[in-house]
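*Asks:* Encoded as structure tokens, here's the structure I'll be asking about.
The values are calculated or read from the model by the stated rules, or taken from the named source; none is laboratory data. Not measured: the values here are computed from a predicted model. Note that we place each Cβ from the backbone using ideal geometry, even for glycine, and neighbour counts take in every protein chain shown.
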Ligand code: NDP
């Protein structure tokens with residue numbers, strides 16, 4: 001039976017992942033069968049069983065399924081365990097092995113493609129969903145300074161801070177208290193607010209430090225509101241999530257196929273078509 005790969009999410013129709021993996025396959029001469037599968041959260045386990053029965057060997061998982069994927073894995077990489085969220089599934093005999101490549105993808109994009117030095121940056125992370133869970137441990141490992149986390153649902157902020165288990169460096173706070181938090185050197189939007197037409201929560205200019213970098217994990221249309229705010233607020237560097245998307249995909253590809261694809265050409269191809277991008 002031929003081996004299949006997929007990205008599971010809801011919604012997922014506009015995902016760029018099938019294009020990215022097809023490009024990696026052409027580059028490495030590995031035949032790739034990778035498609036997007038839209039599945040509602042309640043149907044995820046069932047859909048994965050069908051996928052395995054038809055030759056499914058590995059999958060990416062996107063919103064809102066990353067924490068569900070974590071719970072159904074039989075074993076996990078250390079970075080997935082710390083994240084409490086899985087974006088990469090590897091079929092291993094009768095079991096699922098879970099990894100999380102979001103964090104390494106983000107840090108690689110910021111430090112290598114955008115040449116940002118993350119060390120000691122006082123950081124604000126907005127959001128506490130699957131993506132925030134994936135990137136927070138990697139940012140801490142990359143040497144950022146204190147990490148403040150805010151989220152629409154405060155309980156999830158506390159859960160993420162507890163999971164990170166670094167109380168001296170990680171500070172859960174309320175969204176409404178942003179004004180009182182001082183200036184940041186790095187502000188990340190890890191919410192999906194713009195996907196449903198909402199704006200990221202109102203943010204005061206006072207949180208932007210002198211050489212602050214603003215990073216939206218979203219890209220295409222969904223990144224417009226936050227990055228427009230960041231530019232108007234005087235952020236020194238403004239980065240969307242397209243590079244992270246390509247880098248996390250390359251890391252998943254390497255897990256499945258044992259070959260690390262080159263990413264710059266794929267990033268350039270997608271970036272040149274930027275106006276046509278919608279979020280995935
Ligand atoms: P989840 O569904 O797991 O979490 C969504 C997050 O957004 C939660 O923190 C949620 O808050 C918050 N949120 C949603 N709507 C609003 C709103 N109207 N106002 C304020 N907060 C809101 O999604 P993910 O964490 O997996 O993904 C988040 C975003 O990051 C997505 O848009 C996704 O496309 C992007 N992403 C990009 C990647 C890349 O490679 N570039 C990789 C992964 C994700 P609450 O907890 O209150 O519901």
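*Asks:* Do you know which residues across region 228-237 are within 14 Å of the ligand (Cβ to nearest atom) and part of a strand (DSSP E or B)?
*Replies:* none
*Asks:* Which condition from (1) more than 20 Å from the chain's Cα centre (by Cα); (2) in contact (Cβ under 8 Å) with a residue 24 or more places away in the chain; (3) at negative phi is the one that residue 228 breaks?
*Replies:* It is condition (2) that residue 228 fails.
*Asks:* Before we move on, is residue 74 surrounded by fewer than 14 Cβ atoms within 10 Å (Cβ to Cβ), more than 25 Å from residue 165 (Cα to Cα) and modelled with pLDDT of 95 or more?
*Replies:* Judged against the criteria, residue 74 is not a match.
*Asks:* If you go through region 179-196 one residue at a time, do you hit one that is surrounded by fewer than 19 Cβ atoms within 10 Å (Cβ to Cβ), under 28 Å from residue 11 (Cα atoms), within 11 Å of the ligand (Cβ to nearest atom) and modelled with pLDDT under 90?
*Replies:* Yes, the conditions are met somewhere in region 179-196.
*Asks:* Please find, within region 197-227, the residue that is nearest to residue 119 (Cα to Cα) out of those that are out of contact with any helix residue (DSSP H, G or I) (no Cβ under 8 Å at 6 or more places or on another chain) and near the ligand (Cβ under 10 Å from one of its atoms).
*Replies:* 198
*Asks:* Name the one entry in 85, 69, 47 that is in the same structural domain as residue 262 (by TED's automatic domain parsing), in a loop (DSSP other than H, G, I, E, B) and surrounded by 16 or more Cβ atoms within 10 Å (Cβ to Cβ).
*Replies:* Matching residue, one of 85, 69, 47: 85.
*Asks:* Also, I was wondering about something else. Do you know which residues across region 100-114 are buried (at least 21 other Cβ atoms within 10 Å of the Cβ) and touching a strand residue (DSSP E or B) at 6+ places or on another chain (Cβ under 6 Å)?
*Replies:* 101, the sole residue that qualifies.
*Asks:* Okay, next question. List the pairs whose first member sits in region 236-261 and is without any contact (Cβ under 8 Å) to a residue 12 or more places away in the chain, whose second member is in a loop (DSSP other than H, G, I, E, B), and whose Cβ atoms are under 7 Å apart, counting only residues at least 6 apart or on separate chains?
*Replies:* Pairs found: 254/260.
*Asks:* Next question, about the same structure. Check 217, 160, 175 and return the single one that is farther than 15 Å from residue 121 by Cα, in contact with a strand residue (DSSP E or B) (Cβ under 9 Å, 6 or more places away or on another chain) and surrounded by fewer than 17 Cβ atoms within 10 Å (Cβ to Cβ).
*Replies:* Of 217, 160, 175, the one residue that is farther than 15 Å from residue 121 by Cα, in contact with a strand residue (DSSP E or B) (Cβ under 9 Å, 6 or more places away or on another chain) and surrounded by fewer than 17 Cβ atoms within 10 Å (Cβ to Cβ) is 175.
*Asks:* Among the numbered criteria (1) assigned to a strand (DSSP E or B); (2) surrounded by fewer than 17 Cβ atoms within 10 Å (Cβ to Cβ), which single criterion is violated by residue 6?
*Replies:* (2)
Here's the yes/no breakdown for (1) surrounded by 14 or more Cβ atoms within 10 Å (Cβ to Cβ); (2) outside the structural domain of residue 29 (by TED's automatic domain parsing):
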{"residue": "209", "(1), (2)": "yes, yes"}
{"residue": "234", "(1), (2)": "no, yes"}
{"residue": "251", "(1), (2)": "yes, no"}
{"residue": "255", "(1), (2)": "yes, no"}
